[in-house]
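Read the figures in this text as sums done on the coordinates, not as results from a lab. As the structure is a prediction and not an experimental result, all values here were calculated from the model. With ideal geometry, Cβ positions are generated from the backbone for all residues, glycine too; neighbour counts draw on all protein chains shown.
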Amino acid sequence: MLPYKNLLVIDKKSNIAAFRQLASQFIQLIQEGKLLPGTKLPSTRVLANDLELHRKTVMAAYEALVTEDWVENRPRKGFLISPKLPVVKPRSYHSARKAAYESDPGFLFDSSLNIPYRPLLSSSKEIVIDDGLPDISLLPTNVILKEFRNTTTYSTLKKISNNWEFEGNLEFRNSLCNFLNQTRGLDIRLENILSTRGAQMAIYLAASLIIKPGDKVIVCEPSYLFANMVFERLGAELIHVPIDSFGMNTDVVEDVLKNNQVKLIYVIPHHHHPTTVTMSVERRNHLLQIIKKHQIAVIEDDYDYDFQYQYDPYLPLASGDHEGNIVYIGSLTKVLGAPYRLGYIVAAEKFITAVAANKILIDLKGDILTEHLVSGLIEQGELTRLIQKANKLYRQRCDLLSGLLNTELRDIVNVNKPNGGMALWVKFNSDFPLSKIINFTAGKGVKFNGSIYNLDDKGHYNALRFGFASLLEEEIIKTVDVIKNSIYKLR
C-alpha cells in the first residue's frame with residue numbers, strides 16, 4: 001500500500017472543503033501514474049485514521065470520485081481505481097507532466113554496446129529456428145518435480161543455505177566434478193570448479209581476469225559473437241585466424257604468436273560456434289604444444305560437448321597436458337534448457353579462487369536452489385539418461401534436416417553434417433540474400449531466432465545457424481518447404 005499519510009496532505013486553513021482537497025489529490029496521483037487502474041483503495045476507516053480526518057470526510061471524497069468515474073465502489077471489494085479511466089470528464093486523465101521514467105536520463109552513460117540481434121517474440125503457431133537449443137519436452141519432469149519437493153523442505157533449505165561457498169553450492173560442485181571426470185577425463189578436484197549462471201557469465205568472469213585494455217586475443221573467423229563482444233568490451237584487440245573443416249588453423253596461430261604479444265586464445269574445439277566444425281586430433285595436439293611453449297592463457301568453450309554422434313568422441317583440450325593454462329568452460333543449460341541457467345569454469349585452483357572473489361561482485365550467492373536440484377539429477381543418473389535419450393533423438397533430427405537441405409536445396413545451400421551438436425551451419429548461395437529469405441519465411445510462420453551472419457561486416461557469409469534439436473520432424477519438413485518456396489519466389 002502507498003504511504004497515503006505522506007502523499008495526501010489536507011490544509012485545514014484552506015477555503016476548499018477537506019473532502020474536495022482529498023478527491024483532487026487522489027486524481028493527481030492517478031494522473032501521475034502512481035495509482036494504476038484496478039488499484040484497491042484503503043477503507044474509509046483506515047484512511048480517516050491515517051489522515052486524522054472524520055470518516056464522513058473520506059466517504060464524501062470517495063463518493064465524489066465515484067460520481068466522476070475515477071473510482072468504482074464494488075460490493076464486498078470496496079473502493080478501487082476504475083479500470084476504465086475517463087478521457088474527457090471534469091478533469092482529463094492525460095496530464096501535461098511526464099512520468100519520471102519517460103524522460104531520458106540527464107547523466108552521461110556508455111550506450112555504445114550494440115547487440116547484433118535480439119530474440120524475437122513468437123506465437124505458439126510459429127516455428128522458431130533457434131541457435132541450437134534442447135528439446136525441453138525430453139526433461140524428466142516427474143523426477144524434477146520430486147527433486148524440487150525434496151529440495152524445498154525446511155531442513156534441506158537450511159542445509160543448502162549453510163553448505164555454500166563463493167565457488168557455488170558444495171554438493172552441486174561435488175556431483176559436477178565427478179560427472180566431468182567420468183565424461184571428459186579432466187581429472188579435477190572440487191577446488192578446480194566454480195559454478196556460474198550459464199556459460200556466457202563464465203566467459204565474462206574468466207576473460208575479465210586475463211584481459212586488460214590493449215591486450216591481443218586470438219579468435220576464429222567467424223567466431224561466437226558474444227564472446228568477441230566480451231573481449232572487445234574489456235578493451236582487447238581481436239586477431240582473427242581462419243577456420244576450415246579441421247577447425248582453427250593452428251599454423252596461423254603459431255605465425256601470429258611469432259609477431260605479436262598475445263594474451264589469450266579463445267577456441268571452441270567441439271562443434272565450433274557458429275560453423276559446427278570439430279577440431280582434428282592433429283590440430284588439437286599442435287595447439288597443446290603451442291600453449292605449453294608460449295605459456296599462453298586459453299579459454300576452451302565447450303558449450304555442448306555432451307551431444308556427440310560418433311562412437312569415439314574426442315576429449316576436450318583441457319583433458320590433455322596444458323600445464324594449467326586452459327580455462328575450461330561448459331554449460332548444463334544445453335542439456336536442461338534455457339530455464340536452467342547453469343554454467344561452470346574449470347581451472348587451476350588459484351585462478352578459481354580469483355574468479356570466485358570477482359564473482360561475488362555481480363552474483364553474491366548464485367542459484368543454490370537450482371544447483372542443489374541438479375546435483376540430485378546427477379547423483380540419480382537422470383542427467384546421463386537424459387543426455388543419452390537426447391543424443392539418439394537429435395542425431396535423427398540432424399540426419400533428417402541435413403538430408404532435406406542437401407536434397408531439396410542442393411544448388412542453393414552448402415551444408416556439412418556435423419558429428420554432434422544441436423545446429424547446422426547453413427551457407428546460402430550469394431544470389432539469394434538471407435535478409436530477403438528471412439523476411440519471406442516470417443510471413444509464412446517460420447522465424448529465425450539464432451545467429452544470422454548477413455548483417456554489417458558479417459554479410460559476406462550469407463549464412464545462419466539452423467537449430468534442429470528443439471524441432472519436431474514435421475516442423476523440420478515444413479521449414480525446409482517454406483525456405484524452398486521463398487527461394488522460388490526470389491528466382
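Our Cα-only numbers for the range 195-344 put the radius of gyration and Dmax at 14.5, 45 Å. Cross-link candidates for residue 159: which aspartates and glutamates have Cα within less than 17 Å, leaving aside residues fewer than 8 places away along the same chain? Excluding near neighbours in sequence, the set is 147, 167, 171, 367, 371. Each 10 Å bin, from zero up to the one with the longest distance, holds this percent of the alpha carbon pairs of the range 2-81: 19, 58, 22, 1. In the frame of its principal axes, the range 190-251 has Cα extents of 35, 28, 19 Å, reported largest first.
Greater than 26 Å separation of Cα atoms is the criterion. Which listed pairs, 334/392; 5/77; 34/365; 334/417, meet it?
Values: 334/392 15 Å; 5/77 22 Å; 34/365 34 Å; 334/417 19 Å.
As for pairs spanning more than 26 Å Cα to Cα, those are 34/365.
Sparse packing (at most 15 other Cβ atoms within 10 Å of the Cβ) combined with a DSSP loop state is found for the following trypsin sites (Lys or Arg not before Pro) in the range 122-201: 125, 189. Here residue 474 and residue 260 are evaluated by their C-beta separation; at R0 = 41 Å the FRET efficiency comes out at 0.20.
For the chain, just run the numbers: alpha carbon Rg, then divide by 2.2 N^0.38 Å, N being how many residues it has.
Details: Rg = 29.3 Å, N = 491, 2.2 N^0.38 = 23.2 Å.
Output field value: 1.27.
The amide H of residue 41, built 1.01 Å from its N in the peptide plane, has 79, 80, 81 as neighbours under 5 Å, considering only residues 5 or more places off or on other chains.
Couplings 3J(HN,Hα) for the range 189-199, derived from phi with the Karplus relation 6.51 cos²θ - 1.76 cosθ + 1.60 (θ = phi - 60°), are 10, 4, 5, 9, 9, 9, 9, 9, 8, x, 5 Hz, where x marks Gly and Pro. Of all DSSP beta bridges confined to the chain, the antiparallel ones make up roughly 60%. Overall, the range 223-330 carries a charge dipole of about 300 debye about its Cα centre when +1 sits on the Cβ of Lys and Arg and -1 on the Cβ of Asp and Glu, all other atoms neutral.
Distances between placed amide hydrogens fall under 5 Å for residue 239 paired with 217, 218, 219, all partners being 5 or more residues away or on another chain.
Couplings for the range 261-273, taken from phi via the Karplus curve 6.51 cos²θ - 1.76 cosθ + 1.60 with θ = phi - 60°, read 8, 9, 8, 8, 10, 10, 9, 10, x, 9, 6, 3, 9 Hz in order; Gly and Pro are left as x. May I ask you to list the lysines whose Cα is less than 23 Å away from that of residue 12, ignoring any residue fewer than eight positions away on the same chain? Those lysines meeting the cut-off are 56. Less than 5 angstrom separates the built amide H of residue 327 from those of 298, 299, 300, all sequence-distant by 5 or more or on a different chain.
Rounded to the nearest Hz, the phi-derived 3J(HN,Hα) couplings of the range 416-425 under the Karplus curve 6.51 cos²θ - 1.76 cosθ + 1.60 (θ = phi - 60°) are 10, 5, x, 8, x, x, 10, 8, 10, 9, where x marks glycine and proline. Per the Kirkwood formula applied to alpha carbons, the range 122-221 shows a radius of gyration over Rh ratio, Rg over Rh, of 1.06.
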